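These notes concern the structure reproduced below.
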Amino acid sequence: MEQTDHCADSMNSLTLAEAQARICESVTPISGVERIPIKQARGRILAEKLTAPIDLPPFPNSAMDGYALRHADVAGQTDALLTVIGTSFAGKPYEGLLGPGQCVRIFTGAAIPAGADTVIMQEDVIRDDDQIRLARTVSQHANVRPIGDEVRSGEDLLERGKMLQAADLGLMASAGFSMATVTRRLRVVFFSTGDELRPVEETLTYGQIYDSNRYLLQSLLNCPAIEAFDMGVVPDNATAVKQALLDATLKADAIISSGGVSVGDPDFIAASLAELGQVGFWKVAVKPGKPFAFGSIGPAWFFGLPGNPVAVMVTFRQLVRPALLRMMGANPKPPLRLQAICRLPLKKSPGRIEFQRGKFELDSEGGFSVCGFSGQGAHQLLGMSRANCLIVLPKENAGVKPGERVEIEPLLDEFF
Ligand code: AMP
Ligand code: MG
């Protein structure tokens, strides 16, 4: 519901950037770490900086299947003849020393034998019994991965605060870490408010709607670093809201509610919050999502999201997600933004930054183009479901004509 001027005066009016800054300055990382096997650490937040305990690779090895040789024996020659004196397999090195005119059959990942400094690909030699003839010249150190080439023992491997992904865990394994020290899971309680809301298992009567916000919040919070608790739908009455908040503070680091923060909503939500904690009601200059509440209730941070589902998604992404990441001990980065040429006109009035739902694609010139959807209402999830990006229109923008450049935020399938 839109604010009346009278009510707007009684609320904090903030730009999106101001609201983001206030929230991020307020919340602090939770304490408590766990040591868990790396097999279970995907999506968890690394609680310590890791340096490499060994060189990677730990020994010089071959990047190719071929022959390890002494470059001095073949420098500049295409016809050089060498004698094959043994084989170096991955995991089963050749243990002797290469003398002049000698080479060793070698496979990818196998240790370079002592004396050798170069590997020639098997495709570049002609083998005849225990002799090879080089079919082309080879440069010194070709196809050799030197010891410590990727990282030296003692050098930085992973930053503290990194949300561990597949590559990070593979990297940790390659350096010999079997366990990871990670921040404990962030406990997030969420609920919907509204007498009109029914869970999807029930039947609607006239005037009721299904509660979509809890299902989308459940999904937005589906991250290994979070333990989410669904507290259901809380009816529009003071006792119920107060009880829900009190129950939530028993286990929550963060509480997220949806609905009930518009000025038109019954005063009891504001009253219950004022009684239990320090919560401010904000009018954030963002569309969708203008009404927003933020503050603390007991030990938990409270985020009061608007009721309309698209507003929930936009405010979650712009205001809640960075705060939760910070609480988890992660280093939140602003979402990736790209530029795209707008193919269809976009309607907008100046005054608020706006996130419209759009679909972007690579165009024939190698840049991106984007189209907005027709249903841009804050209650219309259909466009959000079909979108692959948000079109970011700055506060002062007064509409976009076809061919104009806009910023987009791709909705990547990143987790959390
Ligand atoms: P409110 O902020 O409570 O005034 O809600 C604004 C609009 O969002 C109203 O049309 C509500 O019916 C709708 N709404 C509130 N909560 C939900 C929800 N959980 N799921 C779907 N729509 C909701
Ligand atoms: Mg409501």
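Could you give the nm distance between label points at Gln131 and Glu404, where each point is 7 Å from its Cα heading toward the beta carbon?
Output for this residue pair reads 7.8 nm.
Give me the distance in nm between label points sitting 7 Å out from Cα along the Cα-to-Cβ direction at Asn222 and Thr51, one decimal.
4.1 nm
For the chain, what does the helix formula give at 222 nm: sum of -39500 (n - 2.57) over DSSP H segments with n ≥ 4, over the residue count, nearest 500 deg cm²/dmol? Please report the intermediate quantities before stating the final value.
Working: 10 runs with 81 residues, N = 416.
After summing the helix terms and dividing by the residues of the chain, the value is -5500 deg cm²/dmol.
When we measure straight from the Cα of Lys290, which aspartates and glutamates land under 19 angstrom away, once same-chain ones fewer than 8 places off are left out?
Glu2, Asp5, Asp9, Glu18, Asp265, Asp267, Glu354, Glu396
Which residue, Gly304, Gly99, Gly329, has the most motion in a Gaussian network model of the chain that connects Cα atoms within less than 10 Å?
Gly99
If you average the alpha carbon positions of region 336-360 and of region 209-247, how far apart do those two centres end up, in angstrom?
Here the answer is 31 Å between Cα centres.
Roughly how many Å is it from the Cα centre of region 362-384 to that of region 24-77, as a whole number?
When both Cα centres are located, 40 Å separates them.
Nearest 0.05, what FRET efficiency do Ser13 and Ser296 give at R0 = 22 Å with Cβ-Cβ as r? Walk me through the numbers before you get to the answer.
Working: r = 21 Å, r/R0 = 0.96.
With a Förster radius of 22 Å, E is 0.55.
Taking the radius of gyration and the Kirkwood hydrodynamic radius from Cα positions alone, what is the Rg/Rh ratio for the chain, to two decimal places?
So for the chain, dividing Rg by the Kirkwood Rh gives 1.17.
For a paramagnetic label modelled at 7 Å from the Cα of Asp79 toward its Cβ, which residues of region 132-161 fall within the zone defined by backbone nitrogen distances under 17 Å?
132-138
Just so you know, all these numbers are worked out from the coordinates, no wet-lab data involved. Since the structure is predicted, the reported quantities are computational estimates derived from the model, not experimental observations. Cβ coordinates were reconstructed from backbone atoms using ideal geometry, including for glycine residues, and neighbour counts include every protein chain displayed.
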